[in-house]
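The values are calculated or read from the model by the stated rules, or taken from the named source; none is laboratory data. The shown structure was predicted, so the numbers you read here are calculated from the model rather than taken from an experiment. Here the Cβ positions follow ideal geometry from the backbone for every residue, glycine too, while neighbour counts run over all protein chains shown. For accessibility, only protein heavy atoms count, side chains too; no ligands or nucleic acids. Shrake-Rupley method; radii C 1.70, N 1.55, O 1.52, S 1.80 Å.
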Amino acid sequence: MHTLYGSAISGNCWKPAFMLRQRGLPFRWVELDIFEKQTRTAEFLAKNPNGRVPLLELPDGRLLAESNAMLMHLGEGTTWIPADAYARAKMFEWMCFEQYSHEPYIASIRFWKFLEARGADLRAKIEERTPGSYAALGVMEQQLVKTPFFVGEVASLADVALYAYTHVAHEGGFDLAAYPAVTAWLARFAALPGFVGMPCVG
């Protein structure tokens with residue numbers, strides 16, 4: 001059985017949990033409290049020296065970190081990865097976009113809002129990152145006006161990666177009303193067979 005170490009509020013942890021369910025693979029969820037630094041213990045650092053979740057432990061004991069790497073592993077041999085070489089490269093393009101132009105903005109601000117609820121003052125950081133968040137949504141909107149999913153007519157791992165934090169963007173204070181194509185895509189993705197949203201467990 002797979003073991004997934006994660007935080008139920010994390011979009012990055014939702015990604016492999018979603019794909020495990022899509023593959024019908026039973027898995028054990030190990031909840032780690034990131035606010036209590038449970039990913040920084042010696043025991044966990046021995047498994048993932050980067051001290052982050054998610055971390056996927058395969059049935060044979062091998063370990064895999066980084067959510068998009070997990071998506072690639074779990075998506076092997078499925079229609080979530082396009083067979084066409086160019087479409088597959090476009091999928092990788094959007095997954096890179098998610099990691100460099102989307103997640104560092106939308107996901108970070110959402111997390112900082114959680115920290116503010118615990119007493120931190122992160123207004124300056126949030127203000128600095130907000131324009132980049134809306135820029136990412138604008139890029140997504142341009143594509144989703146053209147195609148129902150990011151790589152065409154069928155959902156791919158790019159959609160899984162981008163859905164993770166877009167569908168909880170409101171928790172970071174983002175208003176998606178100006179992005180109707182993004183909003184329609186969120187609904188299309190949530191209507192896919194076997195869909196389970198966040199939190200990751202329950």
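Things worth noting here:
- Lysine pairs with alpha-carbon atoms under 30 Å apart, the chain, spacing 8 or more or separate chains: 12
- DSSP loop GluC sites (Glu not before Pro) with at most 12 other Cβ within 10 Å: longest gap in the chain: 77-152
- Shown here for the stretch 1-81: chymotrypsin sites (Phe, Trp or Tyr not before Pro) in loop regions (DSSP other than H, G, I, E, B) with at most 15 other Cβ atoms within 10 Å, namely Phe35.
- Computed with every protein chain present, the accessible area of Met70 is close to 0 Å² [probe 1.4 Å].
- Karplus 3J(HN,Hα) series, Hz, for the stretch 20-30 with 6.51 cos²θ - 1.76 cosθ + 1.60 (x for Gly, Pro): 4, 5, 4, 7, x, 9, x, 8, 9, 9, 10
- Carbon/sulfur fraction of accessible area - the stretch 30-90, other protein chains in place, 1.4 Å, %: 52 percent
- Accessible area expressed per residue, the chain, with surrounding protein chains retained (probe 1.4 Å, Å²): 49 Å²
- Every helix of 4 or more DSSP H residues in the chain counts as -39500 (n - 2.57), and over all residues that averages to -14000 deg cm²/dmol at 222 nm.
- Sparse packing (at most 11 other Cβ atoms within 10 Å of the Cβ) combined with a DSSP loop state is found for the following trypsin sites (Lys or Arg not before Pro) in the stretch 118-159: Arg118, Lys146.
- Once the Kirkwood radius over Cα pairs is known for the stretch 117-202, the Stokes-Einstein relation at 37 °C and 0.692 mPa s delivers a diffusion coefficient of 231 µm²/s.
- For the stretch 46-52, the Karplus equation 6.51 cos²θ - 1.76 cosθ + 1.60, evaluated at θ = phi - 60°, returns couplings of 5, 8, 9, x, 6, x, 10 Hz by residue, with Gly and Pro reported as x.
- Relative contact order (%) - criterion: Cα under 8 Å, at least six apart; region: the chain: 27 percent
- Where a label projected 7 Å from the Cα of Ala124 along Cα→Cβ would reach, residues of the stretch 68-107 with amide N under 20 Å: 105
- Remark on Thr147: its backbone amide H falls under 5 Å from none of the residues 5 or more positions apart or on other chains, H modelled at 1.01 Å from N.
- Interatomic Cα distance distribution for the chain, bins of 5 angstrom, percent: 1, 7, 15, 19, 20, 17, 12, 6, 2, 0
- Shown are Leu63, Leu176, Leu55, whose ranking by accessible area with a 1.4 Å probe and every protein chain present, most to least, is Leu63, Leu176, Leu55.
- The stretch 1-97: relative contact order in percent, alpha carbon pairs under 8 Å with at least 6 residues between: 29 percent
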